[in-house]
Ligand code: ADP
Ligand code: MG
């Protein structure tokens, strides 16, 4: 028997109502993602990418359709089970990092564990371990102001990892980074994917989408194309790139 897909969307629609106006942000979307995949989603601004990510991460509910996460229908979950699922299964990474200012990298990374009621000693140990995993051992006490953009995004990825998620949802994770730093961050994301975490990433840069092994293009709330591809290797690309000028 084939393994259960991690994500199975069937006939998913999302309509926003603002006064008299209805916006059909997603229209009858079918999408299945297997556990072993790293998926990139591309599409013009306003095509429904963030709406799709919010639904996948259970931050919002569809207007209609079915979302099975690891075989469980999300719509039938009680509020409590839904927030437990969010805390244990998903890691979120955003374009703007969304770190808390004047707060150490360690405390930023440990924050999701506060919501998950993990005791303080274990929080610190796991945050430290997550920071080491993204190459920031020794930077635990640095605040955002003391870190580069790439390092801040690594802190944000460590925060996404600290719950040991099965799915990482990244919305424009390299949107605020230069090319070389973007490829470095993608190298990290590829290594997490290789370690067994499913990745769904929104990007508007074809060069970044090239690091995924599947590319879905959305347009006007519908899936326009869906193709597997041979991913570029970020570590190899990085080795071939010129060093940043000092
Ligand atoms: P993308 O991320 O691809 O730029 P979005 O998913 O953010 O697109 O938006 C898709 C459509 O839904 C757009 O027309 C947008 O204006 C609309 N939209 C998104 N969020 C809301 C909301 N909370 N209320 C009303 N309309 C929204
Ligand atoms: Mg968006």
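Look at residue 182 and say whether it is more than 18 Å from residue 40 (Cβ to Cβ) and free of Cβ contacts under 8 Å to residues at least 40 places away in the same chain. So residue 182 does not fit the description; no. Over 17 Å from the mean Cα position of the chain (by Cα) and either near ligand 1 (Cβ under 8 Å from one of its atoms) or closer than 29 Å to residue 115 by Cβ (or both), is that true of residue 10? Spelling it out, it is not the case that residue 10 is over 17 Å from the mean Cα position of the chain (by Cα) and either near ligand 1 (Cβ under 8 Å from one of its atoms) or closer than 29 Å to residue 115 by Cβ (or both). For the range 112-119, the condition holds for at least one residue, the condition being that it is modelled with pLDDT of 95 or more, farther than 17 Å from residue 169 by Cβ and out of contact with any helix residue (DSSP H, G or I) (no Cβ under 6 Å at 6 or more places or on another chain). Within the range 14-37, the residues that satisfy the criterion of being within 13 Å of ligand 1 (Cβ to nearest atom) and under 21 Å from the mean Cα position of the chain (by Cα) are 14, 25, 26, 29. Across the range 171-202, the qualifying residues are those that are closer than 22 Å to residue 12 by Cβ and modelled with pLDDT of 95 or more, and the one among them that is nearest to ligand 2 (Cβ to nearest atom) is 202. Screening residue 73 against (1) surrounded by 15 or more Cβ atoms within 10 Å (Cβ to Cβ); (2) more than 11 Å from ligand 1 (Cβ to nearest atom) leaves a single unmet condition, (1).
The values are calculated or read from the model by the stated rules, or taken from the named source; none is laboratory data. All figures in this text were calculated on a predicted structure; none of them were measured in a lab. Cβ sites come from the backbone with ideal geometry, for glycine too, and all protein chains shown count toward neighbours.
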